[in-house]
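Undergrad: After the structure tokens below, expect a handful of questions from me.
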Amino acid sequence: SALPDSLVSRLVAGDDRKTLALVAEHESGGTAIVVGLVNLGAVDDARVEVGLVVRDDWQQKRLGTELATRMMLAAERRGFRSFVGHVLEENVGMRKLLKNIAEIVSMKVSGNVRELAFIRRSQITLP
């Protein structure tokens with residue numbers, strides 16, 4: 001399944017320091033299938049907003065954790081230290097992921113959406 005052209009253009013356009021997208025693919029039958037995507041966009045000089053999605057059949061396999069960790073390390077290499085994300089209250093998987101790899105520094109609630117500001121746990125690194 002291919003990404004829509006409008007999404008591809010948004011992901012590849014812009015300032016390399018202020019935007020980034022990482023795509024996880026799985027090869028099946030000679031075709032690469034997108035199974036996960038994380039992207040970030042600078043809010044200001046210190047913070048980035050993060051989006052993360054993993055296909056249902058690829059959840060609970062640490063793919064989200066891997067993508068989120070790589071994204072945070074890449075953002076830090078670009079000078080960003082603080083992250084912002086919006087998480088639905090019922091998204092238990094995402095809340096667990098953040099608990100494992102991040103320290104929540106503030107939270108705003110609007111209906112069933114939580115806006116979380118967080119930083120990477122310092123012991124989380126890649127092999």
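Undergrad: Report, for segment 18-112, the % of DSSP beta bridges that are antiparallel, rounded to 5.
TA: So the antiparallel bridges amount to about 85 percent of the total.
Undergrad: Rounded to whole Å and sorted largest first, list the principal axis extents of the Cα atoms in segment 39-97.
TA: Largest first, segment 39-97 extends 35, 22, 16 Å along its Cα principal axes.
Undergrad: Continuing with this model, one more query. So, in nm, how far is label ARG77 from label ALA32 when the simple model puts each one 7 Å beyond its Cα toward the Cβ?
TA: Here the modelled spin labels are 1.8 nm apart.
Undergrad: In addition: Can you give the net charge of the other residues whose Cβ lies under 12 Å from the Cβ of SER122, counting K and R as +1 and D and E as -1?
TA: +1
Undergrad: Turning to a different aspect of this structure: Counting alpha carbon pairs within less than 8 Å and at least 6 residues apart, what relative contact order, in whole percent, applies to segment 48-126?
TA: Answer for segment 48-126 is 32 percent.
Undergrad: Continuing with this model, one more query. How large is ³J(HN,Hα), in whole Hz, for each residue of segment 81-86 in order, when computed from phi with the Karplus curve 6.51 cos²θ - 1.76 cosθ + 1.60 and θ = phi - 60°, using x for Gly and Pro?
TA: For segment 81-86, the Karplus-derived couplings read 10, 10, 10, 10, x, 10 Hz, x marking Gly and Pro.
Undergrad: Scan around ARG121 for amide H atoms under 5 Å from its own, H built in the peptide plane at 1.01 Å from N, and keep only partners 5 or more places away or cross-chain.
TA: ALA102, GLU103
Undergrad: Extending each Cα 7 Å along its Cβ direction at VAL53 and ARG17, get the distance between those two points in nm, one decimal.
TA: 3.0 nm
Undergrad: At a probe size of 1.4 Å, how large is the accessible area of LYS96, to the nearest 10 Å²?
TA: Counting only protein heavy atoms, LYS96 exposes about 130 Å² to solvent.
Undergrad: With θ set to phi - 60°, apply the Karplus curve 6.51 cos²θ - 1.76 cosθ + 1.60 along segment 49-58 and write out the HN-Hα couplings as whole Hz, x wherever there is a Gly or Pro.
TA: Rounded to whole hertz, the list is 8, 10, x, 9, 9, 10, 3, 3, 6, 10.
Undergrad: A follow-up question, please. Rounded to the nearest Å, what's the spacing between the alpha carbon centres of segment 24-44 and segment 62-90? Just the number, please.
TA: For segment 24-44 versus segment 62-90, the Cα centre distance is 14 Å.
Undergrad: Let me ask another. Between GLU25 and SER106, what FRET efficiency comes out of the Förster formula 1/(1 + (r/R0)^6) with R0 = 25 Å and r the beta carbon distance, rounded to 0.05? Please list the in-between numbers first.
TA: Details: r = 34 Å, r/R0 = 1.37.
About 0.15, to the nearest 0.05.
Undergrad: HN-Hα J couplings of segment 20-27 from phi, Karplus 6.51/-1.76/1.60, θ = phi - 60°, integer Hz, Gly and Pro as x?
TA: 7, 9, 10, 10, 9, 10, 10, 7
The values are calculated or read from the model by the stated rules, or taken from the named source; none is laboratory data. This one's a predicted model, so the numbers in the text were calculated from it and none came from an experiment. Cβ sites come from the backbone with ideal geometry, for glycine too, and all protein chains shown count toward neighbours. Just the protein is used for accessible areas: all its heavy atoms, side chains included, with ligands, DNA and RNA removed. Shrake-Rupley method; radii C 1.70, N 1.55, O 1.52, S 1.80 Å.
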